[in-house]
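The values are calculated or read from the model by the stated rules, or taken from the named source; none is laboratory data. This one's a predicted model, so the numbers in the text were calculated from it and none came from an experiment. Please note: Cβ atoms are built from the backbone with ideal geometry, for glycine as well, and neighbour counts cover all protein chains shown. The protein model used for the area step is the full one, side chains on, heavy atoms only, and it has no ligands, DNA or RNA in it. Shrake-Rupley method; radii C 1.70, N 1.55, O 1.52, S 1.80 Å.
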Amino acid sequence: MNQALARSEEARAARDKVCLYIAQHRMTGTEHDIAQYISLALYLTPPPEMETSEDLEAMPPDSTQVVEIVPLLKDFISAVDLHGIWLAVHPIYDKEADKLHDSLSKMIVSTNLYLKMPASTYEGRRFLVVIEPMLSPSVVNARIYGSDFVVVVSPVNGQIRMSDVRHVYLHYVIEPLLNARANAIDRAQPILKEVREAPMEFRYRSDTVPLTVECLIKAIEARTMDTGVPEFKIPANADRSDMPRYEHERQIYQEKVDNVRVATVNHDMTQGFVLTQYFYEQLIQFEKDPAGLSDTIGEMVYSMDVEHEVHRARQIEFDKESDGEVLGRAKPRKLTGLDMAESRLASGDVAAASALARQALAEQSDSLDAVAAGARANFILARAAIMTGHADEAIDRFQKTLATSKDQRLLAWSHIYLGRMLDLDCKRDEAVSEYQLALTVRDGQQDTRLAAERGVKAAYAVKGHSCENDADDDPPGAGAAKPAETAPGSSAVPPGIQKPQ
C-alpha cells in the first residue's frame, strides 16, 4: 500500500480523506477507537461492493457512528488497487488462520467436555473467531450482537490470547442457560446492594443476570485453569512398597493446585464477582456427576442460599481498581519504553526521553519489530538533539530514521524537520525538496500535510534569524541549531508525534 501511495497523488488524496474522517471520529484517542470500525466491518459485504449486510437499525450502535466512511473507503480501495494487493497477501492470511485452527478446536472441545455438553447446543447462534494480523495483538475485540458472539484477534508467532477467546466462548454457551432462568436469578437482588463499591462495570452492579453469568464463568475458569504447578504422575512401573510415598507427593501436588485456584477465586471475589466462590464449590460436585451443565444449572441457581451469599459479600473488602473485562472497557494502557520516551519528550524532559530511546537502541535485534523500534528511537533522539541545539546529531538521526523506517508519519516528519533545518541553514532549494518528499510519503494526517505545504510555500523561520543578515563566515549548520529559540506558535516540533495507532 505504501508503494502504491508513493506512486499516485490520487491515492494519497483518497487516503487523506479516510484519515481525516477517522481523526474527526476519535472518541478516546487510543487504539480502542478502532473497535467501532471493526463493528462496521463485521456487517459489510466483501469488496468491491462493501454494502451493509443489515438495515442500519439492526446494526451495532457503534458501527452506525462511522458508516459514512464506506464511500471514502471505496474510493481509496480503487485508487490503490487494493484488490490486487489483497490477491498477493491473501495466502499469508490463510496461513495465519490455519496455524490457529487446531488450537481453537482443542479449546472448544476441551471446554465442551468439561461442561459435558455437545458442541452444537444452540441452533441459529454463531461463535466466530476472526483473524486480523494487522490489528494490535495487545487488544482482543470481543462483542455480542444478538445471537452472534464474535472475537477479533491478531496472532503473534501463530499464538493468540486463547484464554480471552475461551472467555467469550463460555459466554456463548452459558448465557442462554442463565437467561432462561432470569426470574430465579432475580432472587439475588439483595446482593447488588453489597457490591455498589466494587470496581467492576456498572452492568454487573445493577443487574443480577450479567453478574451471575460472569461469576459462573470465572468459577469455571478457576476450576479448569493452568495453575503453573508441574503435573505429578505416579510412575507406571512404581513398586507397591513406594505407593504411600507417591500418594503423599500426589496430595502435596493437589494442595498446591487447589491453593492457586482458591487464590484466583478470592481475587475474583474482591473484584466484586461475589458469587464466584458459590459456583466454584458447586462445580466441585458437578465434576463428580455424569449430568451436563444444561441439566444441573437449574439446581445450582434455585438452591442458592441468597442470605448466605449476601452475608459473605458483606465481609469482602473490594479492590480499588478493576482488572478489566474481555467484553468490557479495558483499563488505560500504562506507558513504557518508547511510548514513555515520547511522553517525557513532550513534557520537556529531554534527558529521560533520550535515555529511554538509547536503551531501546541498545536492545535492538534483527527482527522487524526491533528495526521499527530502532527507527522510532532515532526519531526521538533527533528531536531531542534539536531541543538541545545539536544540529549535526539531529540530521544524522533523522537520516537513520529515513533509512530504516517504514512508518509514513516518521518518514514525513523526518523530511519536514530536515527541510526546516535546511531553511534555517539558508539552503532553500534543498529544503523545498525535503518538504516535497514529505508530501509524497505523508501519513494522511492533516498536521503533516499542512506543515509540508507551508514549507513549500515559504521558508521556515524563527525569531531573530534571517538568511539575508547571516554573516558569510557563519559555520555550517549554525542556523540549524536555533530551533530552541523558536517563537511560540512556530515550533519545529510537531504536535502529537506518537506511536502509530
Cross-link reach list, aspartates and glutamates versus K427, counting only Cα pairs under 16 Å and skipping chain neighbours closer than eight places: D392, E468, D470, D472, D473, D474
Principal-axis tilt of helix 428-440 within the chain, Cα atoms, nearest 10 degrees: 30
Rel. contact order, % - alpha carbon contacts under 8 angstrom, at least six apart, the chain: 12
Lys, Arg +1 and Asp, Glu -1 on Cβ, resulting dipole of the range 148-260 about Cα centre, debye, nearest 20: 160
The range 36-80, relative contact order in percent, only Cα pairs under 8 angstrom and at least six apart counted: 41
For the chain, with +1 on Lys and Arg beta carbons and -1 on Asp and Glu, the positive-most of V129, F318, F398 along the dipole: F318
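What FRET efficiency would be calculated for the residue pair V306, N237, taking the C-beta separation as r and a Förster radius of 35 Å, to the nearest 0.05? Walk me through the numbers on the way to the answer.
Working: r = 52 Å, r/R0 = 1.50.
Efficiency at R0 = 35 Å is approximately 0.10.
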Length gained when the stretch S343-N183 is fully extended (0.36 nm per residue, less Cα-Cα span): 52.5 nm
Between the range 195-270 and the range 410-464, the alpha-carbon center distance in angstrom: 60
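Taking 8 Å as the Cα distance limit and 6 or more residues as the minimum spacing, I'd like the relative contact order of the range 133-281 as a percentage.
Details: 133 pairs, mean separation 30.0, N = 149.
20 percent.
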Debye log10 I(q)/I(0) for the chain, one point scatterer per Cα, at q = 0.06 Å⁻¹: -0.42
Among beta bridges that DSSP assigns inside the chain, antiparallel share in %, nearest 5: 55
No Cys partner within the rule (Cβ under 4.7 Å), the chain: C19, C215
Nearest-0.05 FRET efficiency for M50 and L450, computed from C-beta distance (R0 30 Å): 0.50
Reachable aspartates and glutamates, given that their alpha-carbon falls under 13 Å from the alpha-carbon of K463 and they are not under 8 places away in the same chain: E485
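Please report the projected area of the range 1-124's Cα convex hull averaged over all directions, in nm². Numbers along the way, then the final one.
On the way: hull surface 42.5 nm².
With every direction weighted equally, the projected area is 10.6 nm².
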Solvent-accessible surface (1.4 angstrom probe) belonging to L40, in square angstrom, nearest 10: 0
Helix-derived mean residue ellipticity, 222 nm - over the chain, DSSP H n ≥ 4, -39500 (n - 2.57), to 500: -18000 deg cm²/dmol
Alpha-carbon radius of gyration plus Dmax, which is the widest Cα pair, for the range 116-201 in Å: 16.3, 47
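Do any GluC sites (Glu not before Pro) in the range 67-152 lie in a loop, going by DSSP, with at most 15 other beta-carbon atoms within 10 Å of their beta carbon, and if so which? Please list the in-between numbers first.
Details: sites: E68, E96, E123; in loops: E68, E123.
In loop regions of the range 67-152 (DSSP not H, G, I, E or B), the sparsely surrounded GluC sites (Glu not before Pro) are E68, E123.
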Pairs from K95/K218; K99/K256; K233/K288; K193/K288 whose Cα-Cα separation, in the structure shown, is over 29 Å: K95/K218; K99/K256; K193/K288
Cleavage-rule hits, chymotrypsin sites (Phe, Trp or Tyr not before Pro), the range 190-241, DSSP coil, Cβ neighbours within 10 Å at most 15: F232
Listed residues V66, S414, Y253: farthest to the positive end of the dipole of the chain (Cβ charges): Y253
Interchain or long-range residues, amide H under 5 Å from Y145's placed H: V150
Check: the chain dipole with +1 on Lys, Arg Cβ and -1 on Asp, Glu Cβ, in debye: 260
Cα-projected label distance for E10 with Q364, points at 7 Å along beta-carbon direction, nm: 3.9
Paramagnetic reach from R196 in the range 303-317 [backbone N under 15 Å; point 7 Å along Cα→Cβ]: 314
Rg in Å to one decimal, and Dmax rounded to a whole Å, for the range 64-210 via C-alpha atoms: 19.7, 60
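Please find the FRET efficiency linking S110 to E393, where r is the Cβ-Cβ separation and R0 is fixed at 35 Å, and quote it to the nearest 0.05. Please report the intermediate quantities before stating the final value.
Values: r = 56 Å, r/R0 = 1.60.
Efficiency, from the Cβ-Cβ distance: 0.05.
Let a ≥ b ≥ c be the square roots of the eigenvalues of the Cα gyration tensor of the range 230-359; is it rounded (a/c under 1.5), or, if not, prolate (a/b larger than b/c) or oblate? Don't skip to the answer; put the middle values down first.
Details: a/c = 3.21, a/b = 1.53, b/c = 2.11.
Taking the square roots of the gyration eigenvalues as a ≥ b ≥ c, the range 230-359 is oblate.
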Extension reserve of the A291-E430 stretch, reckoned as 0.36 nm per residue once the Cα distance is removed: 42.2 nm
H465 - accessible surface, heavy atoms, 1.4 Å probe, Å² rounded to 10: 20
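Ordering S63, S53 from largest to smallest accessible area (1.4 angstrom probe), what's the sequence? Working shown, then result.
Values: S63 0, S53 65 Å².
So, going from the largest accessible area down, we get S53, S63.
Please state the charge dipole magnitude for the range 249-289, taken about the Cα centre, from unit charges on C-beta atoms (+1 on K and R, -1 on D and E), reported in debye and rounded to the nearest 20. Don't jump to the answer; show the numbers that get you there.
On the way: 4 positive and 7 negative charges, 15 e Å.
I would put it at about 80 debye.
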Whole-Hz couplings from phi, Karplus 6.51/-1.76/1.60, listed for the range 315-323; x for Gly and Pro: 8, 8, 9, 6, 5, 7, 10, 8, 6
